[in-house]
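Reading through the structure tokens given below for one structure.
The values are calculated or read from the model by the stated rules, or taken from the named source; none is laboratory data. Only a predicted model underlies this, so the values are computations on that prediction, with no experimental measurement involved. All Cβ positions, glycine included, derive from the backbone under ideal geometry; neighbour counts span all protein chains shown. Calculation scope for accessible area: heavy atoms of the full protein, side chains included, ligands and nucleic acids excluded. Shrake-Rupley method; radii C 1.70, N 1.55, O 1.52, S 1.80 Å.
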Amino acid sequence: MHIPNPIPPDNRRDVERIAEISGENIFACMQCGTCSAVCPMVDSMAMTTRKAIHLLQFFRTEEVMKAAIGEFCASCHTCKVRCPRGIDVPKVFEAVRLLVLRTNKDLIKPQEIPLETMA
């Protein structure tokens with residue numbers, strides 16, 4: 001009997017690339033929520049830092065990439081300092097941001113910006 005792997009190969013590859021780029025083990029996170037509690041940008045993000053790491057642990061990379069969490073991280077490193085597991089969360093989010101940039105998709109379409117805004 002063959003049991004299919006529920007993790008899409010692209011998602012597994014993305015999590016492996018995040019680990020390679022950041023040098024961090026997201027699976028060490030115990031979901032204590034300290035990173036979200038100390039993050040000065042958490043109100044601006046589409047999801048909390050804790051939730052983003054949690055989604056990455058379950059290989060749900062698309063949701064984290066769509067949330068543009070790497071763009072909102074202020075890289076203040078408060079979460080890293082306070083993390084009981086020593087995870088450098090800003091490095092993880094920078095790796096996510098780099099993966100988004102490497103997809104080579106236009107996030108902004110200049111031709112769709114109104115001329116009034118351009119002026």
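Some values worked out for this structure:
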read-out	value
Residue that is most open to solvent (accessible area, probe 1.4 Å) [pool: residues in region 34-68 that are of a type in the set (A, V, I, L, M) and over 27 Å from R13 (Cβ atoms)]	A37
Residue, modelled with the lowest pLDDT, within region 104-113, restricted to residues that are outside any helix (DSSP H, G or I) and farther than 17 Å from E62 by Cβ	D106
Checklist (1) assigned to a helix (DSSP H, G or I); (2) hydrophobic (A, V, I, L, M, F, W, C); (3) surrounded by 13 or more Cβ atoms within 10 Å (Cβ to Cβ) applied to L101, failing item	(3)
Residue identified as in contact (Cβ under 8 Å) with a residue 12 or more places away in the chain, open to solvent by 20 Å² or more (accessible area, probe 1.4 Å) and within 11 Å of the chain's Cα centre (by Cα) among C73, C29	C73
Selection count, region 76-98, where residues are assigned to a loop (DSSP other than H, G, I, E, B) and open to solvent by less than 60 Å² (accessible area, probe 1.4 Å)	4
